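Participant: Pasting a structure below so you can have a look.
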Amino acid sequence: MCFAPLITELIIRGGKIMEKGEKLVVIGCGGVGGPAAMMAKKLMPDVDVTIIRKEDRFIVR
Amino acid sequence: VAGLATVESITNPDAMFENAGIKNIIEEVTRVDTEKKMVVMSNGASIDYDKVILGTGSVPVIPPIEGIDLEGVLSLRTAVDAENIKRFMEEKKPKNIVFIGAGFINLELGALLSEMKPDYYNMTVIEFLDYPLPLMLDPELAAKIKTYLVEKGFNMLMASKATKILGSAGTVKGVELETGETIDADMVMLSVGARPNLELAKDMNLELGKFGIKVNKYLETSNPDIIAAGDCVEKIHFVTKKPAPSQLRGPAVIQGRLAAKTLAGYKIEFPGILNNSAVRIFDKYIAATGFTDDQAQKEGFEAVSTTVDSRSKHGMIPGVKPWTIKLVFDKKTQRLIGGQIISDSDAAVKEIDTVNALILGKKTIPELTTLMCAGNPDCSSEPSLEPITIAAEQALQKLK
């Protein structure tokens, strides 16, 4: 028996999840912004993700 | 700054985001209209949102010292700062460099520059406290680093206060101390900490705490459509469960990914911070997590500490290098609450991650006396010299 769906169900929150076509804007692209945007697109491929940053290069690995 | 890596090599290319289907806009955000749910940029353009992840980071703390605006007074926080420092050094070729603050950014930078041009620079470090790396190390371990840097030719002025930066024709020429003594300087590096960048958050009327934007365990702010993460938010310390400052890359990256998971519906709590960090200074690798003995006592703990010397390999193996670990325990609960490592080996220093995991696991002194580690002559001390176990055994004796 695979428990993965059950476990996934348990950790999913009761609150609203972002839905297809909704817009996520990430402000800043340092330690937070880059990883947040990449993870958001990975988990929610149908969400429209935009990063806005001031610096030409400010994306720390 | 030292020329060991290009800026391109330490930043992620925009193509990485574009290839993932993420839109990338390079523009300053001037305002977030939370009523209209709209982000406004400095070019006048705007973009609608359903949710925002706010990661505005931090800015260096600039102490109120006269002469701070002189050319050649620099600080290091971002890749842009690094480019500015590099450009200044190429143009002005400074020889006398004064570092205000003995934290890890300044000491690492000083060591790297010295490695690039041995015996060229006159390096002076001015620190208000009695010892270097005060956020990472207790005084007796920090004293070893101070001695080591003195041996490397650094002028280490501890318990000293810079009161004025001296200049001529708009350019830095020296630093005046509280004692009246002056130190020649062609360049001054300021690194006395960072503070959260809260301009946008204030404008958005987000609830703020003492150390940044207030967020819950899922990084949700007082506005249900705004998630915030990283240097700009107030963290909770894992041990005390109290608000604490933290401006480190590790928590920022993890919180960034957690913010996305929260929006995707996962209910995963941020556990709190331990401010684990690591630095290399010449051939010394230094790492710390949780509280030092000093910090623990200031937080009201009755601390029990033990220090153990170990080695990176079995004693008979060529290339064996020494390392020292200090563990800090809370006497009342017997829980591990902090650790510090000074190592001549880059591999051994990462044992701090084990210490970190043991703190997160709320391990106690008795439990750690039975810790069993993987052992191999080429990559660990002898099992009989495993330092975490020995440190716990010594702490057990101190409890009597």
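The values are calculated or read from the model by the stated rules, or taken from the named source; none is laboratory data. Computed from a prediction, not measured in an experiment: that's the story for all the values here. Virtual Cβ from ideal backbone geometry, glycine too; neighbours counted across all protein chains shown.
Participant: I'd like to check something: does region B:42-52 contain any residue that is surrounded by 16 or more Cβ atoms within 10 Å (Cβ to Cβ), over 27 Å from the mean Cα position of the chain (by Cα), more than 23 Å from residue B:258 (Cα to Cα) and facing chain A (nearest Cβ under 7 Å)?
Facilitator: Yes, some residue in region B:42-52 is surrounded by 16 or more Cβ atoms within 10 Å (Cβ to Cβ), over 27 Å from the mean Cα position of the chain (by Cα), more than 23 Å from residue B:258 (Cα to Cα) and facing chain A (nearest Cβ under 7 Å).
Participant: Next up: Restricting the search to region B:320-334, which residues are basic (Lys, Arg) and free of Cβ contacts under 8 Å to residues at least 60 places away in the same chain?
Facilitator: Within region B:320-334, B:321, B:332 qualify.
Participant: Could you check region B:250-301 and list, in sequence order, the residues that are assigned to a loop (DSSP other than H, G, I, E, B), under 19 Å from residue B:355 (Cβ atoms) and modelled with pLDDT under 95?
Facilitator: Result: B:275, B:276.
Participant: Here is a follow-up. Has region B:180-190 got at least one residue that is part of a helix (DSSP H, G or I) and surrounded by 15 or more Cβ atoms within 10 Å (Cβ to Cβ)?
Facilitator: no
Participant: Something else about it: Taking the condition of being facing chain A (nearest Cβ under 7 Å) and either hydrophobic (A, V, I, L, M, F, W, C) or over 23 Å from residue A:36 (Cα atoms) (or both), how many residues in region B:22-41 meet it?
Facilitator: 6
Participant: For residue B:144, only one of the following conditions fails: (1) part of a strand (DSSP E or B); (2) surrounded by fewer than 19 Cβ atoms within 10 Å (Cβ to Cβ); (3) under 25 Å from the mean Cα position of the chain (by Cα). What is its number?
Facilitator: Condition not satisfied by residue B:144: (1).
Participant: Any residue at all in region A:21-38 that is at pLDDT 95 or above, touching a Ser or Thr at 6+ places or on another chain (Cβ under 6 Å) and on the phi < 0 side of the Ramachandran plot?
Facilitator: Among the residues of region A:21-38, at least one is at pLDDT 95 or above, touching a Ser or Thr at 6+ places or on another chain (Cβ under 6 Å) and on the phi < 0 side of the Ramachandran plot, which makes the answer yes.
Participant: Criterion first (more than 14 Å from every other protein chain (Cβ to nearest Cβ), farther than 30 Å from residue B:322 by Cα, of a type in the set (D, E, K, R) and without any contact (Cβ under 8 Å) to a residue 60 or more places away in the chain) does residue B:241 satisfy it?
Facilitator: Here the answer is yes, as residue B:241 does meet what is asked.
Participant: Looking only at residues that are within 23 Å of residue A:46 (Cα to Cα) and among the charged types (D, E, K, R) in region B:18-35, which one is surrounded by the fewest Cβ atoms within 10 Å (Cβ to Cβ)?
Facilitator: In this case the residue turns out to be B:18.
Participant: Looking only at residues that are modelled with pLDDT under 95 and of a type in the set (Ser, Thr, Tyr) in region B:371-400, which one is farthest from residue B:351 (Cα to Cα)?
Facilitator: Checked region B:371-400; the qualifying residue farthest from residue B:351 (Cα to Cα) is B:384.
Participant: Step by step: first the residues of region A:5-17, then only those that are out of contact with any Lys or Arg (no Cβ under 6 Å at 6 or more places or on another chain) and hydrophobic (A, V, I, L, M, F, W, C), then the one that is modelled with the highest pLDDT. Which residue is that?
Facilitator: A:17
Participant: I've got another one for you. For the structure I just gave you, tell me whether residue B:72 is more than 14 Å from chain A (Cβ to nearest Cβ) and touching a helix residue (DSSP H, G or I) at 6+ places or on another chain (Cβ under 8 Å).
Facilitator: Answer is yes for this residue.
Participant: Going residue by residue through region B:338-349, is there one that turns out to be assigned to a helix (DSSP H, G or I) and either β-branched (Val, Ile, Thr) or touching a strand residue (DSSP E or B) at 6+ places or on another chain (Cβ under 8 Å) (or both)?
Facilitator: Looking through region B:338-349, at least one residue is assigned to a helix (DSSP H, G or I) and either β-branched (Val, Ile, Thr) or touching a strand residue (DSSP E or B) at 6+ places or on another chain (Cβ under 8 Å) (or both).
Participant: Looking at region B:244-254, which of the residues that are out of contact with any strand residue (DSSP E or B) (no Cβ under 7 Å at 6 or more places or on another chain) and within 13 Å of chain A (Cβ to nearest Cβ) is surrounded by the most Cβ atoms within 10 Å (Cβ to Cβ)?
Facilitator: B:252
Participant: Okay, moving on. On the basis of being over 29 Å from residue A:40 (Cα atoms) and surrounded by 20 or more Cβ atoms within 10 Å (Cβ to Cβ), does residue B:240 make the cut?
Facilitator: No, not satisfied.
Participant: Identify the single condition in (1) small (Gly, Ala, Ser); (2) assigned to a loop (DSSP other than H, G, I, E, B); (3) out of contact with any Leu (no Cβ under 7 Å at 6 or more places or on another chain) that residue B:111 does not satisfy, given that it satisfies every other one.
Facilitator: Condition (2) is where residue B:111 drops out.
Participant: Can I ask one more? Select from region B:53-69 the residues that are of a type outside the set (A, V, I, L, M) and within 10 Å of chain A (Cβ to nearest Cβ) and list them in ascending order.
Facilitator: Those that are of a type outside the set (A, V, I, L, M) and within 10 Å of chain A (Cβ to nearest Cβ): B:55, B:56, B:57, B:58.
Participant: One residue is enough: does region B:79-92 have a residue meeting the conditions assigned to a loop (DSSP other than H, G, I, E, B), surrounded by fewer than 16 Cβ atoms within 10 Å (Cβ to Cβ) and on the phi < 0 side of the Ramachandran plot?
Facilitator: The answer is no; no qualifying residue exists.
Participant: Out of all the residues in region B:218-232, which are within 12 Å of another protein chain (Cβ to nearest Cβ), surrounded by fewer than 18 Cβ atoms within 10 Å (Cβ to Cβ) and in contact (Cβ under 8 Å) with a residue 12 or more places away in the chain?
Facilitator: B:225
Participant: What single numbered condition from (1) facing chain A (nearest Cβ under 9 Å); (2) surrounded by fewer than 18 Cβ atoms within 10 Å (Cβ to Cβ); (3) of a type in the set (D, E, K, R) fails to hold for residue B:195?
Facilitator: Failing condition for residue B:195: (1).
Participant: Additional query: Anything in region B:259-294 that is more than 26 Å from residue B:321 (Cα to Cα), more than 14 Å from every other protein chain (Cβ to nearest Cβ) and surrounded by fewer than 20 Cβ atoms within 10 Å (Cβ to Cβ)? List them, or say none.
Facilitator: B:271, B:272, B:294
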